Amino acid sequence: MTLSEIIAQGVWAALDVEMAQKRAFEQNRRQVELRRWELVRDWTLEKRVKDWPSLLESLRDEYEAYGFVAGFYAHKFHENPENLNNEVWEKFMEDWRELISLKVEQILETAERESVIKLESKLQRYLKEIPPYLEVVSIDHDEFAQVWSTMNGFWNTVDFERMRQVVQIQRKYPILVEIAQKMGRVADENSRQRMSVASGNSQQLQHATKADIQGITIGDDLNAMLPLEMAESADESLEDLFFYKYVTKSLQNFQHQSHLLKPVHQLQMKAAKQRGPMIVCLDTSGSMYGQPELIGHSMLVKLLHLADTQDRDLYLIAFSVSIHPIELRKERGRLHAIFQKTSTGDTDASKMVTEVCHLLHDVPAYMSSDVLWITDFKMKLVEQDLLDQMQKHRRNGTCFYGLRTGLADEPVWEPYFERIYDVAIPHFRKYGK
C-alpha cells in the first residue's frame, strides 16, 4: 500500500467504529420504541378512545418528518370512533411500526453522510501534514502503518512517537513478526475475497446492480413504492390515505443505489487467501512488568495492523486474576489506556480460558480463530475440564500458540500448545539485591 492509502485506511476505519457505535445506540432506541408500540397494541377499546389524541400528538412530534400522516388519522378517529377498532386502527399501527425502522435508517444515513464529509476534510489535511513529518523522522511505511492503526484515525505527534517506541521493539525481537505470520487458519483460494479501495475526489453516478436497493425513504415515486403502499392504493377504504401520502410526498419508497451520487471511493473485490480471526490473551499480572509487557504491547500492535490489512477480527482478552475482553478493531480507542496501565497483581488463567472456549464454541465470528497467549507462563494449570476443552478445539483445527516472555518455573503448558515461542529477556538485578 502507498502512504496515502495507509492514511486513508486509518481514517475510514475510524468511520466504521463511529458508525458501529451509532448503529448500536439507534437500535437500542428502536427496541425501546417497539416495546412502547407493543403496549399500545394491547390497549383496550376504552383506552384507545380515551388516549388516542395524546398518542397521535406525541407521534406527530416524533415521526411527521418521516412521513407520518397524523392529521389523516386524527380526522378519521374524530369523525368516526368506530375507526379505533377496525382496519383504520390496524393500518395506523402498521404505519407506526414501519416508521420506527424508517426513522432509524434515515438517522443513520444522515449521520454517515455528515461523518463522511468531516472525515474527507480530515483526510485531505492529514495527507498534507503527515508525509512531511515522516520524512523528517525517517520512518518506513510498515512501521508507520502499525503505529497509525492504533490511533483511531486521529493524528498527533505525541501519541505517535510514544506508540512508535512500542513498534520498534520488533527490531530487537524479530520473532514477533514470525509469530504474527503464523496466526490464523488459511481458507481455500476460492473462498472469501479481499476488499480494496480505489479513491478519487470527483463525484460519479453508480449504475444499478442486482443488489440495487440501498434502503427505504419517503417521496412520491410510484415506480418505487413498497408493496404495502401498493396494497393501500388498491383498497377502497384506504385510498384517501394513499392519495394524501402521494400529494404530501409521504409514500414509503425503495431508495435505489443507482439514484445516488457517491464519492469515487469504490470497493473492489480481489481474490486472496483468507485467514481466520485471531484471539489474543495478554497477561497483565505483576510478573509481566517492564520489558515483558512492552514486548506484549508490540506483538499486539503488529496483530492489530495485520487484522486491519487482511480484514480479520481480533479479540483481546487482557487477564490477570480477572479478565477484560475487547473486540479490538471496534474498540481500538481503548488500546492506549491498556498500554498506559502498569501490570500488577497475580495470575489465574481460568477465567481467560473459559472466555476463549466460549468464543470458539458459541460465537460464530470467532469459531475459526487461532489463539495466542502472551505471558511468562508463571501460573498453574487450569482445571482439567478447561484443558480438555482446549484439546477438543485443537482437534477441530484451532491452533494455540504461546509467546513466553521469560522462563517459566516448569514447562507444564507445552502439551496444550502447537508451539510456545520463547523471547530471551536479560534479567538485570538491582544493586544490593
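Filter the stretch 146-156 down to residues that are closer than 23 Å to Ser115 by Cα and part of a helix (DSSP H, G or I) and give me whichever is nearest to the chain's Cα centre (by Cα).
Checked the stretch 146-156; the qualifying residue nearest to the chain's Cα centre (by Cα) is Ser149.
List pairs: first in the stretch 71-89 and of a type in the set (Val, Ile, Thr), second open to solvent by 30 Å² or more (accessible area, probe 1.4 Å), Cβ under 6 Å, 6+ apart or cross-chain?
Val88/Lys76
Of the numbered conditions (1) in a helix (DSSP H, G or I); (2) out of contact with any strand residue (DSSP E or B) (no Cβ under 9 Å at 6 or more places or on another chain), Glu105 fails exactly one; give the number of that condition.
Only one criterion in (1) in a helix (DSSP H, G or I); (2) out of contact with any strand residue (DSSP E or B) (no Cβ under 9 Å at 6 or more places or on another chain) is unmet by Glu105, namely (2).
For the stretch 361-370, does any single residue satisfy the condition of being β-branched (Val, Ile, Thr) and crowded, with 18+ Cβ neighbours inside 10 Å?
Looking through the stretch 361-370, none of the residues is β-branched (Val, Ile, Thr) and crowded, with 18+ Cβ neighbours inside 10 Å.
The rows are residues; the columns are (1) open to solvent by less than 40 Å² (accessible area, probe 1.4 Å); (2) of a type in the set (Asp, Glu).
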position	(1), (2)
Glu98	no, yes
Glu109	no, yes
Glu112	no, yes
Pro131	yes, no
Asp140	no, yes
Met151	yes, no
Val158	no, no
Met163	yes, no
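Among the listed residues Arg404, Arg332, which satisfies the condition of being open to solvent by less than 60 Å² (accessible area, probe 1.4 Å), basic (Lys, Arg) and either modelled with pLDDT under 90 or at positive phi (or both)?
Within the list Arg404, Arg332, the selection yields Arg332.
Considering (1) out of contact with any Gly (no Cβ under 9 Å at 6 or more places or on another chain); (2) farther than 12 Å from Ile420 by Cα; (3) basic (Lys, Arg), say which one Arg404 fails and leave the rest.
Failed condition: (2).
Out of the residues in the stretch 157-191 that are closer than 25 Å to Leu403 by Cβ and outside any helix (DSSP H, G or I), which is modelled with the lowest pLDDT?
Ala187
The values are calculated or read from the model by the stated rules, or taken from the named source; none is laboratory data. The structure presented is a predicted model; accordingly, all values stated were derived computationally and were not measured. Glycine gets a Cβ as well: all are built from the backbone with ideal geometry, and neighbour counts include every protein chain shown. These area figures cover heavy atoms from the full protein model, side chains too; ligands, DNA and RNA do not enter into them. Shrake-Rupley method; radii C 1.70, N 1.55, O 1.52, S 1.80 Å.
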